[in-house]
1. Between the DSSP loop rule and a limit of at most 12 other Cβ atoms within 10 Å, which chymotrypsin sites (Phe, Trp or Tyr not before Pro) in segment 113-188 are left?
2. Of all the accessible heavy-atom surface of segment 158-198, with the other protein chains kept in place and a 1.4 Å probe, what percent is carbon and sulfur?
Amino acid sequence: SLVMNYNTKAFIKFGSERNILDLYTNGTVFLNTIQYFRDIEDGELRGDKYEGVSEIINSLPGTFKIKESEQEFRFEKVHLRKSFKEILGNIYSLYAISDKGFQNYQDFKIDERVNGFGSHCLVIDPKSFINRMEKILHNLGYSYNHGFVDYYDKEKICKEVSLFEKPFEFEYQKEFRFYVENEKIEPVKIQIGSLENCAELFSTKDIFTLQLKPKELI
């Protein structure tokens, strides 16, 4: 399991008061479609037009000449992204407090932009959450994967991109995600049971006072 490669202190799930209470009390997990995240326009909060992109090609600027011609053609830097018309599958995203996102506990600071995700949040024990998700998804017959998201510079890379890679402007979200295969482009809603014994409820505005002691992250 990928999560064990990093020391992961906690997951945080942000959302509306209603949805976060539903997650806390009933364990309601709502996995939206990749298509939804690709199409949403919200200024790089949840919306990411690179979601589900399969390959990114950046070519450097330069000139080229056609044989037999004196003329030299200049071309600007070209940025192309290849993707499928419709991307199947669903995603559930969590904010991860881990030594992947924060190499040094003294640097630990949650970015203010997470306020945009909702007024409330749940700080969750990662091991309990992953175990429950795996159990329920397995019982329901879903194929799934989970892991940390890696971030790339979309202006520089030239390679195939996986569903666990996102442009660097999303790095502040420190994302750990579940990907569930789904033939239909529709949300998936599952119940993983009450999280009251492995999570704590907060207002998002209060989460910025969260501090980590040295031994907790190293």
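1. Working: sites: F117, F129, Y142, Y144, F148, Y151, Y152, F164, F168, F170, Y172, F176, F178, Y179; in loops: Y142, F164.
In loop regions of segment 113-188 (DSSP not H, G, I, E or B), there are no sparsely surrounded chymotrypsin sites (Phe, Trp or Tyr not before Pro).
2. Values: 970 of 2050 Å².
With neighbouring chains kept in place, the figure for segment 158-198 is 47 percent.
The values are calculated or read from the model by the stated rules, or taken from the named source; none is laboratory data. Everything numeric here is computed off the predicted structure, so don't read it as measured data. Positions of Cβ are generated from backbone atoms using ideal geometry, with glycine treated the same way; all protein chains shown enter the neighbour counts. Each accessible area value is taken on the protein alone, full model and side chains, heavy atoms only, with ligands, DNA and RNA left out. Shrake-Rupley method; radii C 1.70, N 1.55, O 1.52, S 1.80 Å.
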